[in-house]
Amino acid sequence: MCLISFNWDEHPEYQLILVANRDEYFNRPTQSLHQWENGIYAGKDLKEGGTWMGFHPSGRFAALTNYRDIRNEVPRQRSRGELVTGFLESEENPEDYLKRVEAIQHEYNGFNLLVSDTKNLYVLSNYGNGISIVNPGVHAISNALLDSPWPKVRMAKRQFEELLSRKTPEIDDLHGLLQSTDLAAADELPATGLTTELERAVSAQFIRVDDYYGTVNTTALLWDRQGQVHVREVRTVPQQEVTECTFRLNSR
């Protein structure tokens with residue numbers, strides 16, 4: 001995932017309300033949202049075997065964005081997608097899992113990792129200051145730290161807050177978010193190591209860079225306080241595809 005906007009533990013009906021865009025090279029092979037043999041509900045990166053966001057019915061949630069620092073990225077043996085599946089398959093509590101990841105975080109290119117066991121939501125970035133609990137409320141994260149004020153992050157939070165102020169959101173409402181193709185002004189662009197032209201192209205919420213890179217799907221989810229989760233993925237690349245899952249979380 002490259003842009004995630006969410007409301008955590010603040011809504012009277014929902015533990016988590018979330019919408020996320022996944023940006024990727026169009027030729028990277030992926031499988032859409034489905035239940036894996038090990039029980040996980042997630043899409044799947046068929047190149048490395050991991051995922052960018054998922055649930056395990058045992059009561060675990062995790063999501064990932066890349067931290068963009070092009071100048072310091074190097075080829076690595078470890079895929080960041082394994083950080084999500086590693087937590088979902090684990091029986092460790094979130095803090096213990098993140099402490100173990102923190103000890104080897106240098107083995108990965110830049111990442112932001114969100115994990116929850118239904119009680120608390122935590123975030124860890126190998127560009128941040130250690131493990132943090134995410135406070136209740138509206139947040140957004142792209143390819144910098146949580147709530148970094150990039151233009152599309154500020155817009156995402158504003159969109160979310162405006163929706164919540166009007167109504168209790170439904171899945172269709174969430175799929176109306178994060179669809180802006182507006183580009184940031186030159187003086188608001190971050191410096192992540194891309195050319196100015198590319199930096200501006202990826203400053204949109206919904207990205208299209210020619211015919212090789214951009215937003216490939218948007219995922220929306222509603223996780224209610226009784227443990228029921230409804231997830232819908234709308235995929236636009238390589239073709240239009242909608243997949244949907246509803247399941248209940250049961251804490252171990």
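The values are calculated or read from the model by the stated rules, or taken from the named source; none is laboratory data. Only a predicted model underlies this, so the values are computations on that prediction, with no experimental measurement involved. As a convention, Cβ positions derive from the backbone with ideal geometry for all residues, glycine included, and neighbour counts pool all protein chains shown.
Overview of results
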| read-out | value |
| --- | --- |
| Residues of segment 189-216 that turn out to be surrounded by 14 or more Cβ atoms within 10 Å (Cβ to Cβ), touching a helix residue (DSSP H, G or I) at 6+ places or on another chain (Cβ under 8 Å) and part of a helix (DSSP H, G or I), as a count | 1 |
| Unique residue being in a strand (DSSP E or B) and more than 19 Å from E82 (Cβ to Cβ) when the list is V138, V123 | V138 |
| Cβ pairs under 7 Å, 6+ apart, first in segment 31-54 and of a type in the set (K, R), second crowded, with 22+ Cβ neighbours inside 10 Å | K44/T51 |
| Test result for P75, surrounded by fewer than 19 Cβ atoms within 10 Å (Cβ to Cβ) and not hydrophobic (A, V, I, L, M, F, W, C) | yes |
| Within segment 125-151, considering residues that are under 14 Å from L64 (Cβ atoms) and of a type in the set (S, T, Y), the one surrounded by the most Cβ atoms within 10 Å (Cβ to Cβ) | S142 |
| Close pairs from segment 235-250: first more than 18 Å from V19 (Cα to Cα) and surrounded by 15 or more Cβ atoms within 10 Å (Cβ to Cβ), partner polar (S, T, N, Q) and modelled with pLDDT under 95, Cβ under 7 Å, at least 6 apart | L249/T118 |
| Matching residues in segment 131-174 - criterion: being under 30 Å from A103 (Cβ atoms) and acidic (D, E) | D147 |
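Conditions (1) touching a strand residue (DSSP E or B) at 6+ places or on another chain (Cβ under 9 Å); (2) of a type in the set (F, W, Y); (3) in a strand (DSSP E or B); (4) surrounded by 15 or more Cβ atoms within 10 Å (Cβ to Cβ), marked per residue:
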| position | (1), (2), (3), (4) |
| --- | --- |
| A63 | yes, no, yes, yes |
| R68 | no, no, no, yes |
| E95 | yes, no, no, yes |
| V115 | yes, no, yes, yes |
